[in-house]
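Enquirer: Right, I'll just put the structure down here and ask away after.
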Amino acid sequence: MRKFDVIVIGTGPSGSRIAAGCSKQGLEVAAVDSRGYGGTCPLRGCIPKKVLTDAAEIVQQSEQLQGKGIERTSNIDWKDLMQFKRSFTEPVPEKQESDMQDAGVETFHGVATFVNDQEIKIGKETLFGKNIVVATGAKPMPLPIEGEELLTTSDEFLELGNLPPRILFIGGGYISFELAHVAAKAGSDVHILQRGEHPLKQFDQDMVQQLVEAMEEAGVSIHLNTEVKEIKQEGDQYQVVTKMNGKEEIMTGDMVVHGGGRIPELDDLKLEHGNVEYGKGGITVNKYLQSTTNSHIYAAGDAADTEGAPLTPVAGIEAKAVIENIVHGNQSEVDYTGVPSVVFTMPKVAKAGITEEEAKKMDYNIESKFTDMKDWFTYAHKNEARAAVKIITDKKTGQLLGAHMISSKADELINFFAMAIQLKLRTEDVKKLTLVFPTAVSDIPAML
């Protein structure tokens, strides 16, 4: 039996960093993945998605500037775009595994399953680990829909050779909104079916409402209070049986995409054999990201049940904590304050810090300042219809607590607010900054 100081299951943003980081500290480390090395973000998530959403943004920008000095609109050639996307994704598995090997990590391929508290099995080989880290990421959650097997996942969407003419997205989360915007700008007839009244619940709803209006104008039909009951296939078409405001309706499409959320990918691990407690949110961990039922086990990223959002930056900060806790003993806790998040549509919606509702629950005496920015030069000179920001501050200290935005620049701007929140800066501190003009960043003091 091979023995290691650390075995890492999963090689995404958290797993690869933990494996390499522990190895560089002199530990004997093994890593295993059931798929290509690299994980969701660079292969099936944020990186390929960003290639597509940026292309859609270029198309929309050219449409906005018709009659403003731009004569021709841009069009998406789907096959060319997908080939360009593959230029970023295809090299990843080999390079990621090679980099880990160069860092001293021994790499394995296959499905890992627990044998007992400190042993896993990969095929016919059994490995012993003084510590085992579970960083297996997430997968689409099962949906209580008859015909669920007919759904196309986001992984599959990002590998489509051709884009169908009419697409239905199930669920009103960021996956549906981002991919729906791409599909609409590429020429498809697109519909989002959201079970409840509020899509993108984790974002400020004033910003979300503006995004819904913008998406509708961009060609995406958003159906709220629409519960999907059944999916049926009729030849090359799909029939989706829905219940809208108490009435049954049937919608048809050439493809139905799963955008109904993701859950930790833990099913194949046989965690019960390793005495590892877990739930819907992932492996149950303490403040050091260590299993509460097996002290040899740590978890990070989407596989861990923490207060952190399922985001690549969160996986990164959790990985850093796990490395420190394995190497030096439990001493590092993760601070999730001010972690930013973005919906990469056009315009984009972004957040950092807490919402008004969260602030009130935490008994803050807050000031909430909403500013409509669409007439500001940054957005007016690109003929953009929507740009707004909401800043939440502590009245007592002047400290920034939250920032919520909708604009074409929100993905970059939110990082400055995240930095201010994480560093516990006051609005007065930020207003003192001297910034390049004219840029979107130079608008920040006026937002406060």
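Enquirer: Report the calculated FRET efficiency for Lys247 and Asn75 (r = Cβ-Cβ distance, R0 = 30 Å), to the nearest 0.05.
Expert: Values: r = 38 Å, r/R0 = 1.26.
About 0.20, to the nearest 0.05.
Enquirer: Students often forget the sequence filter, so: which aspartates and glutamates lie under 19 Å Cα-Cα from Lys320 once same-chain residues fewer than 8 apart are removed?
Expert: In chain and number order, the partners are Asp5, Glu28, Asp99, Asp302, Asp305, Glu307, Glu333, Asp335.
Enquirer: Could you order peptides 116-126, 39-49 by the average number of other Cβ atoms within 10 Å of their residues, highest first? Don't jump to the answer; show the numbers that get you there.
Expert: Working: 116-126: 15.2, 39-49: 22.2.
Averaged packing, sorted descending, gives the order 39-49, 116-126.
Enquirer: Return the loop-located trypsin sites (Lys or Arg not before Pro) in the stretch 314-415 (DSSP other than H, G, I, E, B) with at most 11 other Cβ atoms within 10 Å of their own Cβ; answer none if there are none.
Expert: Values: sites: Lys320, Lys348, Lys351, Lys360, Lys361, Lys369, Lys374, Lys382, Arg386, Lys390, Lys395, Lys396, Lys409; in loops: Lys374, Lys382, Arg386, Lys395, Lys396, Lys409.
Sparse-neighbourhood loop trypsin sites (Lys or Arg not before Pro): Lys395, Lys396.
Enquirer: Shape call for the chain from the C-alpha gyration tensor, a ≥ b ≥ c root eigenvalues: rounded (a/c under 1.5), prolate (a/b greater than b/c) or oblate?
Expert: oblate
Enquirer: Additional query: Of the peptides 176-187, 203-214, how do they stack up when ordered by the mean number of other Cβ atoms within 10 Å, highest first?
Expert: Values: 176-187: 24.7, 203-214: 19.7.
My ranking of the peptides, most packed first, is 176-187, 203-214.
Enquirer: Let me ask another. Let me have the 222 nm mean residue ellipticity of the chain computed from DSSP H runs of 4+ only, each contributing -39500 (n - 2.57), with the sum over all residues rounded to the nearest 500. Spell out each step's value before the answer.
Expert: On the way: 14 runs with 137 residues, N = 448.
Computed ellipticity for the chain at 222 nm equals -9000 deg cm²/dmol.
Enquirer: How much length is gained on full extension from Asp236 to Glu307, taking 0.36 nm per residue of separation minus their Cα-Cα distance?
Expert: Values: separation 71, 0.36 × 71 = 25.56 nm, distance 4.25 nm.
Computed gain between Asp236 and Glu307 is 21.3 nm.
Enquirer: Let me know the Rg and Dmax you get for the stretch 148-260 when you use only its Cα atoms, in Å.
Expert: Looking at the stretch 148-260, its Cα Rg and Dmax stand at 13.2, 41 Å.
Enquirer: Within the set Lys351/Lys424; Lys49/Lys424; Lys49/Lys139, which residue pairs have Cα atoms separated by over 28 Å?
Expert: Working: Lys351/Lys424 16 Å; Lys49/Lys424 32 Å; Lys49/Lys139 16 Å.
Over 28 Å Cα-Cα: Lys49/Lys424.
Enquirer: Between the stretch 225-243 and the stretch 244-267, what is the C-alpha centre distance in whole Å?
Expert: With the stretch 225-243 and the stretch 244-267 each reduced to a Cα centre, they are spaced 9 Å.
Enquirer: Compare the peptides 142-148, 231-237, 101-107 by average per-residue count of other Cβ atoms within 10 angstrom and give them in order, highest first.
Expert: Values: 142-148: 14.9, 231-237: 11.4, 101-107: 16.7.
Going by the mean number of other Cβ atoms within 10 Å, highest first, we get 101-107, 142-148, 231-237.
Enquirer: With a cut-off of 18 Å, note down the residues of the stretch 236-280 whose backbone N falls inside the zone around a label point 7 Å from the Cα of Thr293 toward its beta carbon.
Expert: 264-280
Enquirer: Hey, if you put +1 on the Cβ of every Lys and Arg and -1 on every Asp and Glu Cβ in the stretch 1-155, which of Val59, Asn116, Pro48 ends up farthest toward the positive end of that dipole?
Expert: Asn116
Enquirer: Provide the FRET efficiency to the nearest 0.05 for the Asp335-Asp363 pair, computing r from the beta carbons and using R0 = 22 Å. Intermediate results must be reported in sequence, preceding the final value.
Expert: Details: r = 20 Å, r/R0 = 0.92.
My answer for the efficiency is 0.65.
Enquirer: Still on this structure: Post the alpha-carbon centroid distance, the stretch 83-116 to the stretch 135-194, in whole angstrom.
Expert: The distance from the Cα centre of the stretch 83-116 to that of the stretch 135-194 comes to 26 Å.
Enquirer: Net charge near Thr393, counting Lys/Arg +1 and Asp/Glu -1 over other residues with Cβ under 9 Å of its Cβ?
Expert: Working: positive: Lys369, Lys395, Arg426; negative: Glu367, Asp394.
That sum, taken over residues with Cβ under 9 Å, equals +1.
Enquirer: Within straight cross-link reach of Lys361, meaning Cα distance under 16 Å, which lysines are found once same-chain residues fewer than 8 apart are removed?
Expert: Lys395
Enquirer: Another question about this same structure. Using label points projected 7 Å from each Cα along Cα→Cβ, tell me how many nm separate Asp429 and Lys68, to one decimal.
Expert: Spacing of the two 7 Å Cα→Cβ label points: 3.6 nm.
Enquirer: With a cut-off of 8 Å between alpha carbons and a minimum separation of six or more residues, what is the relative contact order of the chain in percent?
Expert: Numbers: 974 pairs, mean separation 65.3, N = 448.
Across the chain, relative contact order equals 15 percent.
Enquirer: Using alpha-carbon pairs under 8 Å, 6+ residues apart, how would you state the relative contact order of the stretch 263-333 in percent?
Expert: Numbers: 106 pairs, mean separation 18.4, N = 71.
Relative contact order for the stretch 263-333 comes out at 26 percent.
No value in this document is a laboratory result; all are computed from the given coordinates. The shown structure was predicted, so the numbers you read here are calculated from the model rather than taken from an experiment. Cβ atoms come from the backbone with ideal geometry, glycine included; neighbour counts cover every protein chain shown.
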